[in-house]
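What follows is one structure encoded as structure tokens, with my remarks underneath.
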Amino acid sequence: MERDSQLKLYGQVADQLKEAHSRVRSLQVPDGVRMALNRKLLVVTATAKHDLPGAARRLDRLMKDLDEGRFPEGD
């Protein structure tokens, strides 16, 4: 039963990651901001390999920030 919930969460995180990558790609922001957002997406992806619930939480926060127009500062 737990494996089924893990698979479901994995699918949700994968779908949300695809959406996040697409949204970041389409943003009209300076390159430094885009790079910072891409680094955040890479961290979420790496986290998903060993802490799927943690990755889901990070991704939810990132998506909320995108929705609200809060972007990290670029280099």
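The values are calculated or read from the model by the stated rules, or taken from the named source; none is laboratory data. Since this is a predicted model, take the numbers as computed values, not measurements. Cβ: placed from backbone, ideal geometry, glycine included. Neighbour counts: every protein chain shown. Remember, those area values only see protein heavy atoms, side chains included, never the ligands or the DNA or RNA. Shrake-Rupley method; radii C 1.70, N 1.55, O 1.52, S 1.80 Å.
Some points to look at:
- Answer residue from region 26-48, given it is touching a residue at least 40 places away in the same chain (Cβ under 8 Å) and part of a helix (DSSP H, G or I) and is nearest to Pro72 (Cα to Cα) among those: Val33
- Here is the figure for region 16-58: residues that are in contact with a helix residue (DSSP H, G or I) (Cβ under 7 Å, 6 or more places away or on another chain), farther than 27 Å from Ser5 by Cβ and open to solvent by less than 50 Å² (accessible area, probe 1.4 Å) total 3.
- Residue pairs whose Cβ atoms lie under 8 Å apart, separated by 6 or more positions or on different chains, with the first residue in region 49-75 and without any contact (Cβ under 8 Å) to a residue 24 or more places away in the chain and under 14 Å from Leu37 (Cβ atoms) and the second of a type outside the set (Asp, Glu) and surrounded by 13 or more Cβ atoms within 10 Å (Cβ to Cβ), are Arg58/Lys40; Arg58/Val43; Arg58/Val44; Arg58/Thr47; Asp65/Phe71.
- Residue selected from region 1-15 under the condition of a type in the set (A, V, I, L, M) and touching a residue at least 24 places away in the same chain (Cβ under 8 Å), by the criterion surrounded by the most Cβ atoms within 10 Å (Cβ to Cβ): Val13
- Meets criteria (touching a residue at least 24 places away in the same chain (Cβ under 8 Å) and more than 14 Å from Met63 (Cβ to Cβ)) for Arg23: no
- So Gly74, is it on the phi < 0 side of the Ramachandran plot and part of a helix (DSSP H, G or I): no
- Looking only at region 59-70, and only at residues there that are open to solvent by 80 Å² or more (accessible area, probe 1.4 Å) and in a helix (DSSP H, G or I), the one that is nearest to Ser22 (Cα to Cα): Asp67
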